[in-house]
Amino acid sequence: MSTQLRLRYFLTFWLLSTTITGAFAQQFGGNPPSVKWRQVNTPAVKVIFSQGLDSVAFNIAGVIDRVNPAVQPTIGNRQKKVSLVLQDKTTIPNAYVGLAPFRSEFYLTPDQNSFELGSLPWADQLAIHEYRHVQQYNNFNVGLSRVLSTIFGQGGQAVANSLSVPDWFFEGDAVYNETLVSRQGRGRLPYFYNGYRALWAANKNYSWMKLRNGSYKDYIPDWYPMGYMLVSYGREKYGNELWRNVTHDAAAFNSLFYPMQHAVKKYTGKDFKTFRTEGLNYFKQQYQYKSIIQSSNNSVINNEFPAFVDENTLIYVTSAYDKLPQFTLNKNGVETKVSVRSRSLDNYFDYRNGKVVYAAYRPDLRWTYRDYSELRVLDISTGKERQLTRSTKYFAPAFNADGTLIVAVKTVAGQSWLHILDAATGKVIDEIPNPDKLFYTYPKFYNTQTLVAAVRNSKGEMTLAFIDIKTGVAKYLLPWSFNPIGFIAVNSNKIYFSATAGKNDRLFSFYPATARLLEFKSNIANLNQYQPAVSGSKLAWVEFTVYGYKVNEATSTSSQWIETPQQTIQSLSDFNISVLAKDSSANLLGAVSTPTLAVSKYSKAHGLFNFHSLIPDFSDPNYSLTLTGENVLNTFRSEVSFNYNRDEGSKQFGFAALYGGLFPFIRGGVNYTLDRRSLFNGERIYFNEKDVYAGLQLPLNLSNGKNVTSLSAGSDVYYTSNTIQDPFRTRFRDRNYTYLSHSISFSNRIQQAKQHIYPRFGQNISLSYRYAISSLTASQFLANGTLFLPGVLRNHNLVINVAHQEKGQSNAVNFSNNFPFSRGYTAENLQQMNKIGVNYHLPLFYPDAGLAQTVYFMRVRANLFYDYTRAQDTFSNGKPFNADFRTAGAELYFDTKWFNQHPLTFGVRYSYLLDNDIFGGLGKNRIELILPVSFF
């Protein structure tokens, strides 16, 4: 990567830093043109939605309008209307609010796991959490943040806010809001604290920087629970105004260095280290631990969803920091791999008679806001897997007793149905009516006429229910409550499940014949208990530890099952945050009524040129300013740019645009450059240059099963005109020409574990061909391919790169050079070049250490490489030119995080030149600073 591109990468990274609540945000051109968009407007929000989602849009607008003014004083009274787009074609439970541009998107498919995100109606949950981010951004545009916003637009505010207000506050404050205004919220869910509870149980006293930045070797919880504990403790001890004052000062940069820490000390009287220690200890002291959880090898390995194959054999899903998710058999303590699991949104599966069924994730071929959850069946004796359904949205599948039928939850836009499918063909046999409009989770066959499931009602309350397969009529087995219930197992007419009981998630059994509720008591149990499996007298379950999810197994005796009143699972703990109940905004969600709002058409052409950020790029010798824009629907990107080149004194004005609302993408632009210069017989010749281009791009996502695969093809036409300036016009002619540029790229790889530097198997192939079609003769062809292979150890990679570039011998102009020349040499655009590069990547160590809350080193890794380029050309006298460019060297990479949240990789390269650097400097030894880019 050139110095200019490296610096541009760095600056762009900072300017696009935003607080986003999910990893799937801002997907360009994700909806087909057939979608008809509608809108409803209130003073606080514009909700944009497709046909059929009117009631959802009304409800979201109603929740925001009711909750917004009540909780606004605790963060500030500034308000700016936000555009919110509802996406109902994706299976991913997610949402985000972002700057640059300022907008929000809700992905409307709820999660099956009620312990993780809660059981509130999904649209309500998103509204009370995500709109808090809107309030944060509106009120963090102050002081120096506002200055940067005024100069650089929303990107300027994004940078300032990310440097002054940490991500733990953004999310912790939003989780507090959802917990305050509802009767549930993650702050009341024991599952939410599993990570920190595991650390405390294992007596892991990690540094603050490690807790903030994570680790490649040790389990570290994310910043959501950390943020909630600190935010809620602050409110409990110092009042509701604390964080409004703290974040105002921080975002304003009242202290230029460590603004958040200084603000905390100003308003609490305690330095930030003391405050955060007290805040985390406030929650830690609420638990008593029986023992320290130990592991045989101290590696993070998750074993989830155990199922009995027989009395002595379990099957479960295993995932680790250095392994792909796989199905594993455990027979008498000896583990055997069955098969790698296809890409999935969770690890849930069901087992029966030698077969495993689970839901696998598959993206749409073209539209990124449309994806699928398809059923797959695995034969554990052969390891063979087959796809049972296609283009479906099924979740939590389960076999009947003889394995001939499957029940699965179908979910679309928050609505839920139960389907019965033929286990051999995937054909839908029956769609069970849903007269009570329930949301089903983890259904199981109770018998041939009845299903049992954990269900949610329209309020978000949960219970166990029998569902009649013919009529869909539900019989509720327990009283409704906001306590999450899930992970159901059926054995001998008893129902086993996990449920929240106060500050813990515990195992329960229920016998419908007597309506007795029993709680499992075990000396093994130390943490929260999930995912029960029963076979005869054997019981298995899962607990989360500091080394991942671990399966416990015991002989189930009647003395271990203690009858308990049903009220045990009818109340949630506030974890001693009493201010939740005292606040006037408590449980506002229960008082929200859905309004009827005027619906109007939302034009796809609305706000196409939505310029939001001014991005500076000072990458000597180029100094540029780029005004970037993107519309709310994320279908049109545009930029206006100015660039000054110090070397030649040229000034370039440009415009570029990309439209992704059609199939394929349409792109184009124009650049006009003043005072370009070239050298002729030692004399500088000045000219002006105009470039106009337009083209098409076809992006396809071919991912399926275990592979991540993409194919992209594009074609562009370019028109270039050079106008000679006075006084050179008498001796030189103007030149203009037109050329075509075609490209195709293919990428395929398997999944990657956390510690894998690159996929253990993958391919990357790109082809490009450019040739003039008028006024002159010129052509250039480039082929570039990379093969990823496993190394000696699990986290090592052998990476082989080959490339070929060839241009016409009589080329009148040179096209830009993208050939991956041997490292260390000064590259030239020669007539024919062939290259092979061999790389061996390996991790060296995981420091998990940082400096002054500024830079944190997560991993140090190396790459040993050898490059060989063979170049051919022809001198002006017709004599052939041949040369070799061989390099051997090493690269040292540092995977870091800056300011406790921003990832950045940089490195140093040493190249030893085995041949002369014909076009560059002297000497065999070269050292360069590098910033790597992703191959995929």
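Below are the figures for this structure:
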read-out: When residues of the stretch 663-689 are limited to those that are of a type in the set (Phe, Trp, Tyr) and in a strand (DSSP E or B), the one farthest from ASP716 (Cα to Cα); value: PHE680
read-out: Residue count, the stretch 795-812 (criterion: outside any strand (DSSP E or B) and surrounded by 14 or more Cβ atoms within 10 Å (Cβ to Cβ)); value: 4
read-out: Neighbours by Cβ (under 6 Å, 6+ apart or cross-chain): first from the stretch 559-580, under 21 Å from TYR287 (Cα atoms); second assigned to a strand (DSSP E or B) and of a type outside the set (Val, Ile, Thr); value: THR568/ALA501; ILE569/ALA499; ILE569/ALA501; GLN570/SER481; SER573/GLY502
read-out: Qualifying positions in the stretch 456-480 - crowded, with 20+ Cβ neighbours inside 10 Å, closer than 22 Å to VAL592 by Cα and among the hydrophobic types (A, V, I, L, M, F, W, C); value: MET462
read-out: Residue among THR277, THR268 that is within 30 Å of TYR549 (Cα to Cα), surrounded by fewer than 20 Cβ atoms within 10 Å (Cβ to Cβ) and hydroxyl-bearing (Ser, Thr, Tyr); value: THR277
read-out: Qualifying residue in the stretch 792-809 (condition: among the hydrophobic types (A, V, I, L, M, F, W, C) and within 26 Å of the chain's Cα centre (by Cα)); value: yes
read-out: Selection count where residues are crowded, with 22+ Cβ neighbours inside 10 Å and either touching a Ser or Thr at 6+ places or on another chain (Cβ under 7 Å) or on the phi > 0 side of the Ramachandran plot (or both), scope the stretch 187-205; value: 5
read-out: Hits in the stretch 427-445 (condition: surrounded by fewer than 19 Cβ atoms within 10 Å (Cβ to Cβ) and in contact (Cβ under 8 Å) with a residue 12 or more places away in the chain); value: ILE429, ASP430, GLU431, PRO433, ASN434, PRO435, ASP436, LYS437
read-out: Lone qualifier among MET209, MET229 - being farther than 20 Å from THR854 by Cβ, touching a residue at least 12 places away in the same chain (Cβ under 8 Å) and of a type in the set (A, V, I, L, M, F, W, C); value: MET229
read-out: Only listed residue being among the aliphatic types (A, V, I, L, M), surrounded by fewer than 19 Cβ atoms within 10 Å (Cβ to Cβ) and out of contact with any Gly (no Cβ under 8 Å at 6 or more places or on another chain), chosen from LEU378, LEU345; value: LEU345
read-out: When residues of the stretch 140-183 are limited to those that are under 23 Å from the mean Cα position of the chain (by Cα) and among the β-branched types (Val, Ile, Thr), the one farthest from PRO616 (Cα to Cα); value: VAL175
read-out: Residue check, ARG341 of a type outside the set (Gly, Ala, Ser) and under 22 Å from ALA423 (Cα atoms); value: yes
read-out: Subset of the stretch 302-338 [assigned to a loop (DSSP other than H, G, I, E, B) and of a type in the set (Gly, Ala, Ser)]; value: GLY333
read-out: Hits in the stretch 598-610 (condition: of a type in the set (Phe, Trp, Tyr) and buried (at least 16 other Cβ atoms within 10 Å of the Cβ)); value: TYR602
read-out: Residue in the stretch 865-884 that is under 30 Å from LYS754 (Cα atoms), surrounded by fewer than 19 Cβ atoms within 10 Å (Cβ to Cβ) and assigned by TED's automatic domain parsing to the domain that holds GLN832 present; value: yes
read-out: Some residue of the stretch 557-571 being out of contact with any His (no Cβ under 9 Å at 6 or more places or on another chain) and within 21 Å of TYR348 (Cβ to Cβ); value: no
read-out: Some residue of the stretch 764-775 being in contact with a Gly (Cβ under 7 Å, 6 or more places away or on another chain), buried (at least 16 other Cβ atoms within 10 Å of the Cβ), over 30 Å from SER207 (Cβ atoms) and β-branched (Val, Ile, Thr); value: yes
read-out: Conditions (1) under 30 Å from ASN736 (Cα atoms); (2) of a type in the set (Phe, Trp, Tyr); (3) in the same structural domain as SER876 (by TED's automatic domain parsing); number of the one not met by TYR825; value: (1)
read-out: Of all residues in the stretch 568-586 being in a loop (DSSP other than H, G, I, E, B) and among the hydrophobic types (A, V, I, L, M, F, W, C), the one that is farthest from GLU519 (Cα to Cα); value: ALA586
read-out: Single residue of SER810, SER775 found to be at pLDDT below 95 and at positive phi; value: SER775
read-out: Any strands (runs of 3 or more DSSP E) falling wholly within the stretch 42-104 and containing at least 2 residues that are modelled with pLDDT of 95 or more and over 30 Å from ASP346 (Cα atoms); value: 45-50, 82-87
read-out: Whichever residue in the stretch 234-258 is of a type in the set (Ser, Thr, Tyr) and part of a helix (DSSP H, G or I) and, among such residues, is farthest from LYS270 (Cα to Cα); value: THR247
read-out: Residue in the stretch 487-545 that is surrounded by the fewest Cβ atoms within 10 Å (Cβ to Cβ), counting only those that are in a loop (DSSP other than H, G, I, E, B) and at positive phi; value: SER492
read-out: Listing of helices (runs of 4 or more DSSP H) fully contained in the stretch 105-202 that carry 1 or more residues being acidic (Asp, Glu), in contact (Cβ under 8 Å) with a residue 12 or more places away in the chain and under 29 Å from VAL542 (Cα atoms); value: 114-117, 167-181
read-out: Top-ranked residue of the stretch 821-848 - restricted to ones that are assigned to a loop (DSSP other than H, G, I, E, B) and under 30 Å from the mean Cα position of the chain (by Cα), ranked as surrounded by the most Cβ atoms within 10 Å (Cβ to Cβ); value: ASP848
read-out: Verdict on ASN177 being over 30 Å from LEU614 (Cα atoms), modelled with pLDDT of 95 or more, of a type in the set (S, T, N, Q) and touching a strand residue (DSSP E or B) at 6+ places or on another chain (Cβ under 6 Å); value: no
read-out: Residue within the stretch 886-901 that is in a strand (DSSP E or B) and over 40 Å from the mean Cα position of the chain (by Cα) present; value: no
read-out: Exclusive hit being surrounded by 18 or more Cβ atoms within 10 Å (Cβ to Cβ) and modelled with pLDDT of 95 or more, set GLY669, GLY661; value: GLY669
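The values are calculated or read from the model by the stated rules, or taken from the named source; none is laboratory data. This is a predicted model, so every value here is computed, not measured. For neighbour counting, all protein chains shown are included, and Cβ atoms are generated from backbone atoms with ideal geometry for every residue, glycine included.
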